[in-house]
1. Keeping all protein chains in place, calculate the accessible area per residue for the stretch 121-242 (probe 1.4 angstrom), answer in Å².
2. Give a quick list of GluC sites (Glu not before Pro) in the stretch 78-147 that DSSP marks as loop, anything other than H, G, I, E or B, with at most 10 other Cβ atoms within 10 Å.
3. Specify which residue in the list A159, V222, F146 is farthest towards the positive end of the charge dipole of the chain, using unit charges on the beta carbon of Lys, Arg (+1) and Asp, Glu (-1), about the Cα centre.
4. Taking only DSSP H segments of four or more residues, each worth -39500 (n - 2.57), what value at 222 nm results for the chain once the sum is divided by all its residues, to the nearest 500 deg cm²/dmol?
5. What does the convex hull of the alpha-carbon atoms of the stretch 139-184 project to on average, in nm²?
6. Give me the percent of the accessible area of the chain that comes from carbon and sulfur atoms, probe 1.4 Å, all protein chains in place.
7. How large is the dipole of the stretch 22-142 about the Cα centre if only Lys and Arg carry +1 and Asp and Glu carry -1, each at its Cβ, rounded to the nearest 20 debye?
8. Would the chain count as rounded, prolate or oblate if I go by the C-alpha gyration tensor, calling it rounded below 1.5 in a/c and otherwise prolate when a/b exceeds b/c, oblate otherwise?
Amino acid sequence: MIEYGCLARFFNDYKDEVTFAKENDFSIMQLWYDSNGLALNKDSKPLEVIKECNFNTIIHAVLDINEIEEHITKLIRMLKYLGHRELIIHPVCKSEKITNETIYKLSDRIKKASILLHKENIKLYLENNSKLDPIFNKTEEINILFNENKDVEFLLDLAHIDDYQHLNDMVKIKMPKILHIADRHLEVVHEHLPIGDGNIDFNHIFRTALSKFDGKIIFEIVQSPEDIVNSRDIIKQMLECV
């Protein structure tokens, strides 16, 4: 069964974001985390507020390859406090030059993180990158990492695909359990637009590569509340017709 989610927009009060999600029938919100911690700028005690609201959430941790080891223990403490059983890691590599060996270093860091998370019964999802952050973007890299980390699940960001063949090749390696959805002009390296404002053919995608998808869809769209809801409605109607 498809579950629809949205972002907890860091520039708003978290309680207002929960109200928005509930009123518009979203069942999950994604929380941004990076080396500075949780990004909820208007809440002085974000963890306490999240727990108090008791709304289904998932943490999306954007971490450099050389930050993963440091932050995984912090994240585990946070996840246990919130009662989470899932974690997204979006790996980037800004701290060193990317070579043919970098993917193996990332794979090793992910393996160590996955072992720690598994001990706490927490499932790890790993997100693919666009060409803007050229690590874990090429299908060869994705194949290497998932071959070495078979228990790690795939989060596929459709706004990060190079083209439809790239998408097909990634899905053949591992069917994703979570999708990030936003539109984009495929000739532009990186964009996150409301559905319909770019040129991604989502109807084609859900009739071909992702015809068997059954999991969470999180809309990475922040332009306006109307854009978020309209984007969800477009995709929902599309899936109901597949």
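1. I get 43 Å² per residue for this part.
2. Answer by residue number: E101.
3. F146
4. Taking each H run of at least 4 residues, the total per residue is -12000 deg cm²/dmol.
5. 3.1
6. On the chain, the fraction of accessible area on carbon and sulfur atoms equals 48 percent.
7. 280
8. Oblate, since a/c reaches 1.5 and b/c is not below a/b.
The values are calculated or read from the model by the stated rules, or taken from the named source; none is laboratory data. These figures come from a predicted structure and were not determined experimentally. We place every Cβ from the backbone using ideal geometry, glycine too, and count neighbours over all the protein chains shown. SASA here: full protein model, heavy atoms, side chains in, ligands and nucleic acids out. Shrake-Rupley method; radii C 1.70, N 1.55, O 1.52, S 1.80 Å.
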